[in-house]
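The values are calculated or read from the model by the stated rules, or taken from the named source; none is laboratory data. Quick caveat: nothing in here was measured; it's all calculated off a predicted structure. Every residue, glycine among them, receives a Cβ derived from its backbone with ideal geometry; neighbour counts consider all protein chains shown. Keep in mind that these areas ignore ligands, DNA and RNA; they rest on the heavy atoms of the full protein, side chains included. Shrake-Rupley method; radii C 1.70, N 1.55, O 1.52, S 1.80 Å.
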Amino acid sequence: MGKYMIKALVFVILFISACSIIGLQEDYVSPESAAEVEEVEQVELPPEPEPEIIFSGMEMQPGGCFGIYLKGMTDRDEIQVTTTLVQEQPSFFPHLEGKLAIVGISCRTKDGEYKYKVQVQRDGEIAAEREEILKVMPREFDKQYLTVSTTQKDQRSDENFDEDSVHTNRAKAVTSEKPLWEGAFVKPVEGRISTDFGMIRYINKEESGRHSGFDIAAARGTPVKAANNGVVRLSMMLRVTGNTIIIDHGCNIYSSYAHLDKLLVEEGAEVKKGDIIGEVGTTGFSTGPHLHWTITIGKLFINPESLMEKDPLGFINTEGQTD
Ligand SMILES: [Zn+2]
């Protein structure tokens, strides 16, 4: 008889459990509750923003730069750029309520008109699209002839350049996701520009490419200032550029200071615009005391003047709107 009692008890327990599960399930699917949940969701979810594509300008110089700001973006939006102006896809960084890219133009870019199309895709559909004709203005770059000793010329060997680029590439592989700079960039040293950006250089009658920045003539020991706020990513002696400092200003913008006599900041240091970071010297491949100052967007050298004229964020106001 005991066996039957246990079986009966188990059956009763199972029956009660089954009833309560069904009851619970009924609770979950009851139409009133479903409606309540839906209502709560509708209240909490803000409407999705509409993407908008904004350019900082339509006319540019070879060696210049421009900004693209994408307003009203969501995390799942994808950006596609189609153009013949620059080969690489620009890097976009989160900024205010959207995404920002600062795009550099090579000094070798021929003058003319270039199509530039930006497309924002959301859930597999085109959410925004804008195609513009960007105009690159003509610009002549001067030629410069240098005569140096064989020993000095040997300092510019491929091997030395390769060795240096291991370090500079490492420094430029890291960037702050948000702009660290504030306002326009400043000239790091007062003085005459002895070699302009983009100059076509001949060393001992052999063409050696374009001058990647400004050479500013100044006496040895003259203090060198940070061109803008940023983080020091490199501070060391290199073979060609001598004592060198690289500052990351965020969003792929870097400034570099070469041939320094003294390095006064360490890697990882946060600097403010105008802070003294080193002293003018003539270390590395150099014919006399001067500062070789460059600006790169990613690895592309641009004319430092284009960041000194105006804040590259100037086309976006603080509310994320255009001026
Ligand atoms: Zn130089």
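Couple of notes before you dig in:
- Among the conditions (1) in a helix (DSSP H, G or I); (2) open to solvent by less than 90 Å² (accessible area, probe 1.4 Å), the only one that ASP162 does not satisfy is (2).
- Taking each residue of the stretch 213-224 that is of a type in the set (Ser, Thr, Tyr) and looking for partners that are away from the ligand (no atom under 14 Å from the Cβ) and open to solvent by 30 Å² or more (accessible area, probe 1.4 Å) with beta-carbon atoms closer than 7 Å, six or more apart or interchain, yields THR222/GLU279.
- Among the conditions (1) away from the ligand (no atom under 16 Å from the Cβ); (2) surrounded by fewer than 13 Cβ atoms within 10 Å (Cβ to Cβ); (3) in contact (Cβ under 8 Å) with a residue 24 or more places away in the chain, the only one that ASP142 does not satisfy is (1).
- A single member of PHE185, PHE197 is crowded, with 16+ Cβ neighbours inside 10 Å and within 14 Å of the ligand (Cβ to nearest atom), and it is PHE197.
- Of all residues in the stretch 102-118, those that are in a strand (DSSP E or B) and either open to solvent by 30 Å² or more (accessible area, probe 1.4 Å) or of a type in the set (D, E, K, R) (or both) total 4.
- The numbered conditions (1) within 16 Å of the ligand (Cβ to nearest atom); (2) part of a strand (DSSP E or B); (3) crowded, with 19+ Cβ neighbours inside 10 Å; (4) not hydroxyl-bearing (Ser, Thr, Tyr) are all true for GLY209 except (3).
- The stretch 47-94: number of residues that are closer than 12 Å to VAL136 by Cβ and open to solvent by 50 Å² or more (accessible area, probe 1.4 Å): 4
- Condition check for GLY67: touching a helix residue (DSSP H, G or I) at 6+ places or on another chain (Cβ under 8 Å) and either touching a residue at least 24 places away in the same chain (Cβ under 8 Å) or in a strand (DSSP E or B) (or both): no
- Set GLU279, GLU309, GLU266: member being open to solvent by 20 Å² or more (accessible area, probe 1.4 Å), over 24 Å from ARG108 (Cβ atoms), out of contact with any Gly (no Cβ under 6 Å at 6 or more places or on another chain) and more than 16 Å from the ligand (Cβ to nearest atom): GLU266
- Flag for SER286 being within 16 Å of the ligand (Cβ to nearest atom) and closer than 20 Å to ALA101 by Cβ: no
- Test: residue in the stretch 128-136 that is of a type in the set (Lys, Arg), within 16 Å of the ligand (Cβ to nearest atom) and assigned to a strand (DSSP E or B): no
- In the stretch 186-194 there is no residue that is over 24 Å from LYS272 (Cα atoms) and free of Cβ contacts under 8 Å to residues at least 24 places away in the same chain.
- Restricting the stretch 272-317 to residues that are among the hydrophobic types (A, V, I, L, M, F, W, C) and touching a helix residue (DSSP H, G or I) at 6+ places or on another chain (Cβ under 9 Å), the residue that is nearest to VAL174 (Cα to Cα): ILE295
Yes/no per residue for (1) open to solvent by less than 40 Å² (accessible area, probe 1.4 Å); (2) within 20 Å of the chain's Cα centre (by Cα); (3) within 16 Å of the ligand (Cβ to nearest atom):
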{"residue": "LYS205", "(1), (2), (3)": "no, no, no"}
{"residue": "ALA219", "(1), (2), (3)": "no, no, no"}
{"residue": "ASN229", "(1), (2), (3)": "yes, yes, no"}
{"residue": "LEU234", "(1), (2), (3)": "yes, yes, no"}
{"residue": "ARG239", "(1), (2), (3)": "no, no, yes"}
{"residue": "ASN243", "(1), (2), (3)": "yes, no, yes"}
